[in-house]
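Remarks on the structure that follows.
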């Protein structure tokens, strides 16, 4: 399922020709990659979710790499390249809500087929908040990167404290 999602996302980017706009969004793509890698680093001893590989079961890190370097960048590109910039706040809120809903549906399939596990106190309802923050932060990063870095640091500290993530091995 993980590889299938990657193929679908890359295909959508290709057929919509969004990949041609990558130079406009590359900093936000790097931002989302760094955020995901930072999660994997900081939460290595106490993950909140983990991917269950479809293939190469002895190498679960390959799925993390797939999500970090293919899926999340593709999602970021699709989200930002098609964002309704000049259509009013209602339209923008509706757009973000549609992305949240779509992400929740896809994640539900992954949960149902046991391709992802929520662990260490992380619950499915928290995904609504996660995706809301993720998409709002992606948009904020595209518009105001420095503000998003500061806000990201605050969010990270809050989450580390909330989930009692140990920073020592």
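We did not get these values from a lab; they are worked out from the coordinates using the rules stated. Note that the structure is a prediction, hence the values are computed from the model and not measured. Glycine gets a Cβ as well: all are built from the backbone with ideal geometry, and neighbour counts include every protein chain shown.
Remarks
- Footprinting exposure proxy for 164, 21 (fewest neighbouring C-beta atoms within 10 Å first): 164, 21
- In summary, the convex hull built on the alpha carbon positions of segment 2-162 has an orientation-averaged projected area of 9.7 nm².
- Computed [θ] at 222 nm, helices only, for the chain once each DSSP H run of length n ≥ 4 contributes -39500 (n - 2.57): -21500 deg cm²/dmol
- Largest GNM mean-square fluctuation among 122, 83, 59, using the chain with Cα springs under 10 Å: 59.
- Contact order normalised by residue count of segment 2-162, Cα under 8 Å, 6+ apart, percent: 30 percent
- Area projected by the alpha carbon convex hull of segment 124-169, averaged over all directions, nm²: 3.9 nm²
- Between segment 20-48 and segment 99-169, the alpha-carbon center distance in angstrom: 11 Å
- Across segment 25-78, Cα-Cα pairs more than 13 Å apart make up 60 percent of the total.
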